[in-house]
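A.B. asks: Structure in structure tokens, see below.
We did not get these values from a lab; they are worked out from the coordinates using the rules stated. These figures come from a predicted structure and were not determined experimentally. For neighbour counting, all protein chains shown are included, and Cβ atoms are generated from backbone atoms with ideal geometry for every residue, glycine included.
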Amino acid sequence: MKLVTYLREETDQLALLVDGHLYNTQELHDELPNNMQLFLLMWDDVIEIARGVEAELKKGRRIGSAEPIPLDSVTLMAPVPFPTSCRDGYAFRQHVASARRNRGLEMIPEFDQYPIFYFTNHNAIQGPGPIACMPDHFEKLDFELEVAVVLNRFGRNIPAAEADDFIAGFMIMNDMSARVLQMEEMKLNLGPAKGKDFSTVIGPMLVTPDELAAYKIPAKPGHTGNNYNLKMTCKVNGVEVSNGNMGDMDWTFAEIIERCSYGVNVMPGDVIGSGTVGTGCFLELNGTGRLNDPNYEEQWLQPGDEVTMEITGLGTLTNTIEEEAADLSILALKQHFMNLPKA
């Protein structure tokens, strides 16, 4: 099943996507909620109803009062527009190893011992469309090509062997990054924070696991949980800059959920990202380029750039980088205080 949230009369509307058309959930069946938050909260009560009406729609039958709405006629929101939290993992060894190698650092053994994650700003979640950036964000502005899941049940201390049952579905995720801000604050061994909190993009739809059954592959040796052979690409202004595969995840989402839920209540609506796929950001690509060629010309996102991410089975997520009409700089404020006389 493919679930889409779009803007309808200034509010979020949940719909099923079938053959390029949207069908508003509450018009398909009076027990189906009209927004994603309620759908996730009521998951076990409504998912079979939704699957039933979807099957009828795929047969070409009219269901309830729902009229088909062309997908390209609406403004898409994030599939989960108001997540209860947002965590981002670090699941791809290739990305971690390359990024460390490019900085002259050895790979750390802890990566292979346990999955890690950080919390990002769940109030900065957005879907397709413009990404508004402040001046400091353009100091090495970057994309990060990832997959995300959203949880559909309450849980605590969830074993990895059971954790896939807590996944409602999968989405493309672009963990936007302002690298200068990120590198500055992480010198203090805390973060990332301001380098990440301005925008995290998910979309264009939530795809339930059954839709991806044909792509399922074994987890890597020694790991537990589902994995999928899904090609992942990112283009900037139509030029492919990143090419990876979800099947390269070393830590599975099941294992990440196990760690997230240790001694903590996880909730329906919690979004969890995979971390960056290998080659999935300019930080890694630029570092590799400089390592191989001292004259390599770095690339970072600029105002007006179009970022297009595509993942097999999960659709295409497109955003345009926009510059906010503001001149406030927290990097300049830092310079101001550095230049003050010392007490």
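A.B. asks: Pop the C-beta distance of His223 and Ala332 into the FRET formula with R0 = 51 Å and round what comes out to the nearest 0.05. Each step should come with its number before you reach the end.
C.D. replies: Values: r = 46 Å, r/R0 = 0.89.
The calculated FRET efficiency here is 0.65.
A.B. asks: What's the exposure ranking of Glu310, Glu144, Glu9, going from fewest to most Cβ atoms within 10 Å? Before the final figure, lay out the partial values.
C.D. replies: Details: Glu310 17, Glu144 27, Glu9 5.
Sorted ascending by nearby Cβ count, the order is Glu9, Glu310, Glu144.
A.B. asks: Going by the alpha-carbon gyration tensor, a ≥ b ≥ c the square roots of its eigenvalues, is the range 71-130 rounded (a/c under 1.5) or, if a/c is not under 1.5, prolate (a/b greater than b/c) versus oblate? Display every interim value, and only then the final one.
C.D. replies: Numbers: a/c = 3.48, a/b = 2.25, b/c = 1.55.
Cα axes put the range 71-130 in the prolate bin.
A.B. asks: Now for a separate question. Describe numerically, in nm with one decimal, the distance between label points set 7 Å from Cα along Cα→Cβ at Glu9 and at Asp112.
C.D. replies: In this crude spin-label approximation the distance works out to 5.8 nm.
A.B. asks: Test of understanding: in a Gaussian network model of the chain with alpha carbons linked when under 10 Å, which of Asn152, Asn243, Asn295 would top the mean-square fluctuation ranking?
C.D. replies: Residue with maximal mean-square fluctuation among Asn152, Asn243, Asn295: Asn295.
A.B. asks: Calculate for the chain the 222 nm mean residue ellipticity that helices alone would give, adding -39,500 (n - 2.57) per DSSP H run of length 4 or more and normalising by residue count, nearest 500 deg cm²/dmol.
C.D. replies: Numbers: 9 runs with 76 residues, N = 343.
When only DSSP H runs of four or more count, the value is -6000 deg cm²/dmol.
A.B. asks: Between Arg62 and Gln302, what is the label-point separation in nm under the 7 Å Cα-to-beta-carbon projection?
C.D. replies: 5.3 nm
A.B. asks: How large is the convex hull of the Cα atoms of the chain per residue, expressed in Å³ as a whole number? If you can, show how the numbers build up before the last one.
C.D. replies: Working: hull volume 56.0 nm³, N = 343.
In the chain, the Cα hull volume divided by residue count equals 163 Å³.
A.B. asks: Starting from the alpha-carbon convex hull of the range 2-73, give the projected area averaged over all orientations, in nm². Walk me through the numbers on the way to the answer.
C.D. replies: Numbers: hull surface 17.7 nm².
Averaged projected hull area, Cα only: 4.4 nm².
A.B. asks: Now, a different point. Can you give the net charge of the other residues whose Cβ lies under 13 Å from the Cβ of Asp197, counting K and R as +1 and D and E as -1?
C.D. replies: -2
A.B. asks: Order 86-94, 322-330, 40-48 from most to least packed using the mean count of other Cβ atoms within 10 Å. Present the calculation step by step, with values, prior to reporting the outcome.
C.D. replies: Working: 86-94: 22.9, 322-330: 11.4, 40-48: 15.6.
Ranked by mean Cβ neighbours within 10 Å, highest first: 86-94, 40-48, 322-330.
A.B. asks: Zone of Ala193 (label point 7 Å along Cα→Cβ, backbone N under 20 Å): which residues in the range 106-137?
C.D. replies: Only 117-125, 134-137 pass the distance filter.
A.B. asks: Moving to a separate point now. What residues qualify as long-range amide H neighbours of Asn227, i.e. H under 5 Å apart, gap of 5 or more or another chain, H built at 1.01 Å from N?
C.D. replies: Ile217, Ala219
A.B. asks: Listed highest first by mean packing, meaning other Cβ atoms within 10 Å per residue, what order do 103-109, 201-207, 30-36 come in? The partial results should precede the final answer.
C.D. replies: Values: 103-109: 9.4, 201-207: 26.4, 30-36: 17.3.
The densest-packed peptide leads the list: 201-207, 30-36, 103-109.
A.B. asks: If you look for lysine pairs in the chain that are eight or more places apart or on different chains, how many of them have Cα atoms under 22 Å apart?
C.D. replies: The number of close lysine pairs in the chain is 18.
A.B. asks: Looking at the range 246-343, which chymotrypsin sites (Phe, Trp or Tyr not before Pro) are DSSP coil and have at most 12 other C-beta atoms within 10 Å of their C-beta? Can you show the working numbers first?
C.D. replies: Numbers: sites: Trp251, Phe253, Tyr262, Phe282, Tyr296, Trp300, Phe337; in loops: Trp251, Tyr262, Tyr296, Trp300.
Passing sites in the range 246-343 are Tyr262.
A.B. asks: Let me see the pair-distance distribution of the range 248-303: every alpha carbon pair, 5 Å bin width, integer percents in order.
C.D. replies: Using 5 Å bins, I get a P(r) of 4, 14, 18, 14, 12, 11, 11, 9, 5, 2 for the range 248-303.
A.B. asks: Label 7 Å along Cα→Cβ of Ala213; the range 1-28 residues with amide nitrogen under 13 Å?
C.D. replies: 1
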